[in-house]
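The values are calculated or read from the model by the stated rules, or taken from the named source; none is laboratory data. What you see is a predicted model, and the numbers here were worked out from it, not measured in a lab. Virtual Cβ from ideal backbone geometry, glycine too; neighbours counted across all protein chains shown.
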Amino acid sequence: MIVKQSVSIDKTDVIHLAFNSNTLELLIRSGKLHASDFNCLNQSSKRGVWSMLRAAAAGKITLS
């Protein structure tokens, strides 16, 4: 007999994750993750994320 157990997490809990920078960039570029969805834990990470966001935004700009 297999018993499924579900885990309940309060919405106020914080889950700390680490992503490979390539994976994070792919999630941001594909629109699956937005900068407002997470917080950077240090200045180095914040600079890297802002760089990814600028590059993603620049890639969406089309000149006519």
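Might you let me know whether region 21-38 holds any residue that is in contact with a Ser or Thr (Cβ under 8 Å, 6 or more places away or on another chain), surrounded by 12 or more Cβ atoms within 10 Å (Cβ to Cβ) and at pLDDT 90 or above? Scanning region 21-38, I find no residue that is in contact with a Ser or Thr (Cβ under 8 Å, 6 or more places away or on another chain), surrounded by 12 or more Cβ atoms within 10 Å (Cβ to Cβ) and at pLDDT 90 or above, so the answer is no. Listed by first and then second residue, the pairs linking a residue in region 30-52 that is farther than 14 Å from Ala18 by Cα to a residue that is of a type in the set (Asp, Glu) and surrounded by 12 or more Cβ atoms within 10 Å (Cβ to Cβ), with Cβ atoms under 7 Å apart and 6 or more places separating them unless they lie on different chains, are Met52/Glu25.
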